[in-house]
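Notes to accompany the following structure.
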Amino acid sequence: MKELRLMKGNEAVAEGAIRAGADGYFGYPITPQSEVMEYLMAQQPEKRTGMVVLQAESEVAAINMVYGAASTGKRVMTSSSSPGISLMQEGISYLAGAELPCLLLNVARGGPGLGTIQPSQADYFQSVKGGGHGDYQLIVLAPSSVQEMFDFAFLGFDLAFKYRNPVLMLSDGLIGQMMEKVELCEQLPRVTHFDRSWTLTGKPDGQERNIVTSLDLDASRQEIHNQHLQEKYRQCKENEVRFELLNTDDAEYLFVAYGSSARICQKAIQLGREEGIKIGLLRPITLWPFPAKPLSELAPRMKGILSVEQSAGQMVEDVRLSAGCGVHIEHYGRMGGMIPTPEQVLENLKKLLITK
Amino acid sequence: MAKMKGAIVVDIEKCKGCEVCRVACPNDVIAIAQEVNHKGYHYAYQEHQENCVGCANCAVVCPDGVITVYKVKLSD
Amino acid sequence: MDIKDIIKPENLVYQKTPLMTDKTLSYCPGCGHGTAHRIVMEVIEEMGIQSETIGVAPVGCSVLAYDFMNVDMVGASHGRAPAVATGIKRCWPEKFVYTYQGDGDLAAIGTAETIHAANRGENITIIFINNGIYGMTGGQMAPTTLEGMKTSTSPYGRDLKSMGNPLKMTELLAQLPGTCYVSRQSVHSPRNVRRAKKAIRAAFESQKANKGLSLVEIVSNCNSGWKMEPVASNEWMVEHMFPFYPLGDLKVDGKLVNNQ
């Protein structure tokens, strides 16, 4: 029988992490994601599965606890919201450089600075184009429902270990705070086997010790390491693009939107079609790797593409790069924590792409 | 009383000639060579081996761990 | 007696522990780091815990500590070693976890991580090298730099009014209920090396007994940063550093030693 539960997005990701066999969570409170740690603490996963939950003294400490814990080969995670994720960037760069798997969650809020506590998608650039220093990539998943908050805990850990790379779930305050029905799956066992080729388990007698570091003072070796990372990212681009299409078969106009904006676009599509405007949606599920190919295939059939984001227009750059020059592309967004209505989205589609 | 006779072996290529061992030696066994090793350091050597009692003070205090110590007990 | 009759395997009394790799240390001649590395490894060897130990290297002169210490190790970002060690220890509570950190790393950029790891009573061991200066970056003022001490960023001497006071991190940490064993030692003379090693052993034994955080500060020289000959730097350290950073145990078995 299905196990169904009404949950907040932030609770669903926490439950998902427990059931995905996570070994540890290290975090620091920040609105609008504090329910993640609150839920974990209330669940006492150390009794349910043996998972460790620790409230750190700062986001800086939390991400470095993740770094240490990830070096043991265990499944570990942290969560935060935009300003806290900014604080973690150095540690995230180290994790990527040292090729450590982990799950990161950003329940994004409006910025810049302390900004607001309302939902935002203005951390897109930070998530997919760097954030910290150096040439690295995170695998970025964008959940657009409470169910996906739960499901992506599993997918996130799987991808993190498959590529030995941090995986970031880029959510927002809307998805984190809203309640929906979630279908829960069975508890997975925690890992008990550790790949001695890279994990720190204590040097076995007669074997070489392992060293986890992102440092190599020899520039020629550091370049080779970087080339290896780039090759890994290339494979990831080839194999891990995920997206969803809605009403694209007969569409003349296309929304590109992820996360909470994709949900708003769904309603805008319905409103538009009631007026006879054939609109479809491409929802990137992986923001990195970005679904460039499917978008490039759809684009020539469209009269116009609208990138809908709760930002000043960040993803629209990737939309333009993917779709090419032959199609009219615009951006529509609200900022600072404001959420556009479906009516506003439709109105702007008409204003920017049809009546113009 | 039994007498101790000691000897040290300095890995001269790894010695950096800091002289910490020379100062730590209670019997002035160690001196710093006029010659240099491949890194250009004047390395430590046992100038007065006959005085060495194998106390290992030099090795214990050597930052680079380049000194190995041997000791025998002489019956009177 | 001929030297050849003395230098025989059966007469061996001291040699570098195999837990130190054969790599030439990257430290300046006479620097206390090498000795401190070695006695940590000797303690791990004597306790027979090489296969159960994970070390955390800092940023600073000992950033490459993992090149020399023959145990599983991870390199932390600047100051975060206690947080990294916390993550490891929480995942492997049965293993031995230690950090090796300098004064800039532990007492400046990593102050929060150090204090909170200690206050949580993380069951880890911290080896803290205090030479009153940033060695790696070329001799800048550290939080532990003494009053009046000249460094490249306090070229006229540390002025307490404008640059603040030298920080006695070890005294501060000893006050916290989460610490079990806290000691300050040095490695400039054979007697001090032997004492420091005993202290490090006590720290690891404390970790073995799950008693909370143990810390051994080693007041050390930085002859390059201090711009002195190695032996002279040790003498200067005895004369100037020890009065402000007195040697000895500060806390044993969770109890402050008198006058602390």
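The values are calculated or read from the model by the stated rules, or taken from the named source; none is laboratory data. From a predicted model like this one, the values you see are computed outputs, not experimental measurements. Virtual Cβ from ideal backbone geometry, glycine too; neighbours counted across all protein chains shown. In case anyone asks, the SASA skips ligands and DNA or RNA and just uses the protein heavy atoms, side chains included. Shrake-Rupley method; radii C 1.70, N 1.55, O 1.52, S 1.80 Å.
Tell me which of these A:Ile224 doesn't satisfy, since it passes every other one: (1) in contact with a strand residue (DSSP E or B) (Cβ under 9 Å, 6 or more places away or on another chain); (2) away from every other protein chain (no Cβ under 14 Å).
Result: A:Ile224 passes all but (1).
Quickly run through the range C:76-89 and pick out the residues that are facing chain A (nearest Cβ under 7 Å) and surrounded by fewer than 24 Cβ atoms within 10 Å (Cβ to Cβ).
C:Ser77
Name the residues in the range A:73-92 that are in contact with a His (Cβ under 9 Å, 6 or more places away or on another chain) and more than 9 Å from chain C (Cβ to nearest Cβ), would you?
A:Gln89 - this is the single residue of the range A:73-92 that is in contact with a His (Cβ under 9 Å, 6 or more places away or on another chain) and more than 9 Å from chain C (Cβ to nearest Cβ).
Taking the stated definitions as given, is A:Leu100 in contact with a strand residue (DSSP E or B) (Cβ under 6 Å, 6 or more places away or on another chain), aliphatic (A, V, I, L, M) and open to solvent by less than 20 Å² (accessible area, probe 1.4 Å)?
The answer is no for A:Leu100.
Just one of (1) more than 9 Å from chain C (Cβ to nearest Cβ); (2) at pLDDT 95 or above; (3) part of a loop (DSSP other than H, G, I, E, B) trips up B:Met1, so point out which.
(2)
C:Asn221 fails exactly one of the following numbered conditions: (1) out of contact with any Leu (no Cβ under 8 Å at 6 or more places or on another chain); (2) outside any loop (DSSP other than H, G, I, E, B). What is the number of that condition?
Failing condition for C:Asn221: (2).
Filter the range C:90-133 down to the residues that are assigned to a helix (DSSP H, G or I), open to solvent by less than 20 Å² (accessible area, probe 1.4 Å) and more than 26 Å from C:Gly32 (Cα to Cα) and list them by number.
Answer for the range C:90-133, where residues must be assigned to a helix (DSSP H, G or I), open to solvent by less than 20 Å² (accessible area, probe 1.4 Å) and more than 26 Å from C:Gly32 (Cα to Cα): just C:Cys91.
Pick from B:Val9, B:Val20: which is open to solvent by less than 20 Å² (accessible area, probe 1.4 Å), within 12 Å of chain C (Cβ to nearest Cβ) and in contact (Cβ under 8 Å) with a residue 12 or more places away in the chain?
It is B:Val20.
Just checking, how many residues over the range A:183-216 are under 30 Å from A:Gly134 (Cβ atoms) and within 13 Å of chain C (Cβ to nearest Cβ)?
19
Suppose we filter C:Gly110, C:Gly135 for residues that are within 14 Å of another protein chain (Cβ to nearest Cβ) and touching a Cys at 6+ places or on another chain (Cβ under 9 Å); which single one remains?
Residue meeting the stated conditions: C:Gly135.
Within the range C:219-236, track down each residue that is under 18 Å from the mean Cα position of the chain (by Cα) and not polar (S, T, N, Q).
Passing the criteria: C:Val219, C:Cys222, C:Gly225.
Got a number for residues in the range C:51-65 being open to solvent by 10 Å² or more (accessible area, probe 1.4 Å) and either of a type outside the set (S, T, N, Q) or in contact with a helix residue (DSSP H, G or I) (Cβ under 9 Å, 6 or more places away or on another chain) (or both)?
Total satisfying the criteria: 6.
Every residue, every condition in (1) touching a helix residue (DSSP H, G or I) at 6+ places or on another chain (Cβ under 8 Å); (2) modelled with pLDDT under 95; (3) part of a loop (DSSP other than H, G, I, E, B), yes or no:
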| site | (1), (2), (3) |
| --- | --- |
| A:Leu174 | yes, no, no |
| A:Arg190 | no, no, yes |
| A:Thr199 | no, no, yes |
| A:Gly202 | yes, no, yes |
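Checking the conditions here, which among C:Ile39, C:Ile6 is within 7 Å of chain B (Cβ to nearest Cβ) and more than 27 Å from A:Tyr94 (Cβ to Cβ)?
C:Ile6
Results for (1) surrounded by fewer than 24 Cβ atoms within 10 Å (Cβ to Cβ); (2) in contact with an Asp or Glu (Cβ under 8 Å, 6 or more places away or on another chain); (3) over 27 Å from C:Ala112 (Cα atoms), shown as yes or no for each residue.
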position: A:Leu4; (1), (2), (3): yes, yes, yes
position: A:Asn10; (1), (2), (3): no, yes, yes
position: A:Lys47; (1), (2), (3): yes, no, yes
position: A:Val52; (1), (2), (3): yes, yes, no
position: A:Leu87; (1), (2), (3): yes, yes, no
position: A:Pro112; (1), (2), (3): yes, no, no
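For the range C:172-189: of the residues being away from chain B (no Cβ under 14 Å) and assigned to a loop (DSSP other than H, G, I, E, B), which is least open to solvent (accessible area, probe 1.4 Å)?
Top of the filtered list is C:Gly178.
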